[in-house]
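Enquirer: Sending over a structure as structure tokens; questions will come in a sec.
FYI, it's all coordinate maths here, none of it is from the lab. These numbers come from a predicted model, not from an experiment. Glycine gets a Cβ as well: all are built from the backbone with ideal geometry, and neighbour counts include every protein chain shown.
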Amino acid sequence: MPVQHLRIDDTRTWFLAGDRDAMVGDVLDLATSSAMRVRFGRYAKGAQHEWIVTHEETMIVTRGALRVRFDGGEEVARSGDVIALSKGTRVVYRGEEDGTEVVFVTHMHRVSSDREVATAVEPVVRSLSSVPRLVPSKPAA
């Protein structure tokens, strides 16, 4: 489909990401797109989770504020702000306001020799108290 209109309400499944009030869910993933993943996040005030960025990623805060801690510093992104994240960066996301909503956009780089999409490193999903939980991936060697 050449044009897709995606909203937070289109998220099919929400996963617990760290604290009980930090949730993420895909609206566009590798099953529906060969080159891009779009994930929404919802955070209550104080809810946080750790993540290792697996591909170049852009984060857009659409509501509230999200603190992003990383080795060497931290940034607080507010509604309308964009943060670019590099592959391999270990981050901790923390909701600074109740009802914080974020869009994560990940572009899967193409292999130049045969123009095939490189295989993505997907996070491991495991059940925690009957709620699926995303566990950060380890960076590729």
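Enquirer: In terms of modelled amide H atoms, which long-range or inter-chain residues lie less than 5 Å from the amide H of T62?
Expert: Those lying under 5 Å, H to H, from T62 are G80, E101, V102, V103.
Enquirer: Can you give the extra length, in nm with one decimal, that the chain gains between I8 and I52 once fully stretched, where that is 0.36 nm per residue apart less the Cα-Cα distance?
Expert: Going from the current span to full extension adds 13.5 nm.
Enquirer: Next question. Report the percentage of all Cα-Cα pairs in the range 16-116 whose separation exceeds 15 Å, rounded to a whole percent.
Expert: 61
Enquirer: Just in the range 68-102: which trypsin sites (Lys or Arg not before Pro) are loop by DSSP and have at most 15 other Cβ atoms within 10 Å?
Expert: Loop-located and lightly packed - K87.
Enquirer: What dipole magnitude, in Debye to the nearest 20, does the range 16-116 give about its Cα centre under +1 on Lys/Arg Cβ and -1 on Asp/Glu Cβ?
Expert: 40
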